[in-house]
Structure formats: structure tokens, C-alpha cells
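Below: one structure, written as C-alpha cells.
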Amino acid sequence: MPTSTVRCGLIQCSNPVNDPAATIPDIQKAMVEKHLAFIEAAGRGGVQILGLQEIFNGPYFCPSQDQRWYAAAESVPGPTTALLAEHARRYSMAMVVPLYEVARPGLYFNTAAVLDADGTYLGKYRKQHIPQVGGFWEKFFFTPGDGGYPVFRTRYATIGVYICYDRHFPEGARCLGINGAEIVFNPSATTVGMSQYLWKLEQPAHAVANGYFVAASNRVGVEPPWSIGKFYGTSYFVDPRGQFLAEGSEDQDELVVADLDLGLIDEVRNTWQFYRDRRPDAYAELVRR
């Protein structure tokens, strides 16, 4: 495992378009333009791996069950990954790019594409666990992911992706560790009333149980017309000991940056031999309903 230090960044952003009558292309254009300023700041600041928030180029439209949002979906790879690949190449910066994906007419996924530091498209993760609870009607919009728990060997580190509601399920978090993830990015869209009390419990626990870094991002602000609550930001990085390395505010658009010492992974795993002591032969119950 490499012992180099990797500079990573997370962008947390609010939706700049507060007009419920705005068109989907106008909203997406505004969100992309807002993110590009932060992406360029990350590149100039030496960020080597950058994570964007869940469905970064749009609002979190799942409080609705409105078919018009199907038009927000695009192919992955597609036009947005091609645009951001230019910035990845310019700054030699790998990127995690969460998007609303259409695989074919009528089949949609909540997806994150991964770009390497030369702009190469490495692949994608499709959100596995899809919530259906008041204000988060995601089963109306997303099919559960079908691609397992892949990891991506970027120029700087091997990374995995878990998306928002996934973080409540330790099984996939363990799969990412088994598959070789050194850093797991979790882009989210989550509000104060729903999950804030869990935000700093579950993901540090995943980091400790699996001996890797976690990079957790969340959007900020309130999005009309749904106004399901305040997205509370607080994007952060946590190390394999569960220690917080950097943390964003609850209400500001910002770039959160941390330097991750990958050598700590070996140090922690040599102390806590969780992978050696696992008993997969004893876990049959985990695959039963």
C-alpha cells in the first residue's frame, strides 16, 4: 500500500436557483457553473482527489413524485463527465461525480462516475440502497444499483463510493474494504430532521471497522418548492481511527480539504486485525431475508 499523503477535497453547495418555475436545463447550468468555481479552486489548491455532492448538478428533487425530473437524467459517461474530464486533466485531479443516470428509457439510477487525474473515465457506482420515506421518495426515481461495490485505482489512491442512504448499511461498507478501498467517498443529500444525529456516528464507525478513510459530503441550504428541511452540510474527512481531519460548516458553500496519510491504513490494520479475524463462514444469516 502506498505511504504517500493524498490531498482530497469535498464540495458542499446550495442550489442557486430559487425559482420553482425554472427549467431543468437552467437549474443544471447554474449548478454546474457554481461548482466549476469550486472545482477550479480545488485544482489550484493542489487537491488530488475531489468529491462532489449527491446529484451535484441539480436540486434534490425526490421530495416530489413528478415525472418531469426524469428529463434531468443523462448517460454516464456522457456530457457532464466529458466536461469535468477537461478539468480533471487540467489540474491532474481525480474526481467523484454523482449524477442522475438514464441507462435506457425508463431505467434510471443514482450514480457516481469516477474520473482519473488524466480525465480517463474509470467507471461508476450505482446507489444500492434506495429509501422510500416521507420527503425522500427515491424509489419513484431510482432503480437499486446492479454493479456491486467496485473500487477504482486512481493515480493517487484506490477509492470506493457509497451514496447517501447506503451509509446506513455496514455490509456494503465492508465490501468496499474487502475490495481494496483506501478512501470511501459518500456524497449525500440529507436534512436536519432526518439524519443529523447519525451523521457523525455511522461513517466514522465504518472507517474504524474497515481500516480506511471516509470522505462524507452533504449539500447545504433549503430548496424550494419542496422545503423538506435544511441540508446541513458538515462535510468531513475521517481517518481509519475515526478521528476527524477536516469539517465544513452547516450552512456555507465551501470546499473542504484534508491531507490523508495512506500509511496510516497499514498502521491501523496491523494493530486491529479485523480482516484476518473475519468469519465469512459464520455469516450465512446476512444473506437471508
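Structure summary
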quantity	calculated
Given (1) part of a helix (DSSP H, G or I); (2) under 21 Å from residue 99 (Cβ atoms), number of the condition residue 142 does not satisfy	(1)
Subset of the stretch 105-132 (residues that are within 30 Å of residue 7 (Cα to Cα), of a type in the set (S, T, N, Q) and surrounded by fewer than 17 Cβ atoms within 10 Å (Cβ to Cβ))	120
Residue within the stretch 150-161 that is aliphatic (A, V, I, L, M) and out of contact with any Lys or Arg (no Cβ under 9 Å at 6 or more places or on another chain) present	yes
Tally, over the stretch 145-169, of residues that are part of a strand (DSSP E or B), buried (at least 16 other Cβ atoms within 10 Å of the Cβ) and not aromatic (Phe, Trp, Tyr)	5
Every pair of residues 6+ apart whose Cβ atoms lie under 6 Å, when the first sits in the stretch 35-52 and is over 20 Å from residue 15 (Cβ atoms) and among the β-branched types (Val, Ile, Thr) while the second is surrounded by 24 or more Cβ atoms within 10 Å (Cβ to Cβ) and modelled with pLDDT under 95	none
Hits in the stretch 1-34 - residues which are in a loop (DSSP other than H, G, I, E, B), in contact (Cβ under 8 Å) with a residue 12 or more places away in the chain and of a type in the set (Val, Ile, Thr)	3, 17
Residue check for residue 213: within 25 Å of residue 91 (Cβ to Cβ), among the aromatic types (Phe, Trp, Tyr), buried (at least 24 other Cβ atoms within 10 Å of the Cβ) and out of contact with any helix residue (DSSP H, G or I) (no Cβ under 9 Å at 6 or more places or on another chain)	no
Meets criteria (among the β-branched types (Val, Ile, Thr) and surrounded by fewer than 19 Cβ atoms within 10 Å (Cβ to Cβ)) for residue 24	yes
Flag if residue 72 is closer than 18 Å to residue 27 by Cα and buried (at least 20 other Cβ atoms within 10 Å of the Cβ)	yes
Residue, nearest to residue 17 (Cα to Cα), within the stretch 170-229, restricted to residues that are acidic (Asp, Glu) and assigned to a loop (DSSP other than H, G, I, E, B)	223
Filter result (surrounded by fewer than 17 Cβ atoms within 10 Å (Cβ to Cβ) and not aliphatic (A, V, I, L, M)) within the stretch 75-104	75, 78, 79, 86, 89, 90, 92, 104
Matching entry among 241, 174, 219 (being of a type in the set (Lys, Arg), at pLDDT 95 or above and closer than 18 Å to residue 96 by Cα)	219
Candidates 113, 117, filtered to the one that is closer than 20 Å to residue 215 by Cβ, in a loop (DSSP other than H, G, I, E, B) and in contact with a Lys or Arg (Cβ under 7 Å, 6 or more places away or on another chain)	117
Scope the stretch 265-289; condition surrounded by 12 or more Cβ atoms within 10 Å (Cβ to Cβ) and either free of Cβ contacts under 8 Å to residues at least 40 places away in the same chain or at positive phi (or both); matching residues	267, 278
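The values are calculated or read from the model by the stated rules, or taken from the named source; none is laboratory data. What you see is a predicted model; the values in this text were computed from it and never measured. Here the Cβ is made from the backbone with ideal geometry for all residues, glycine too, and neighbour counts use every protein chain on show.
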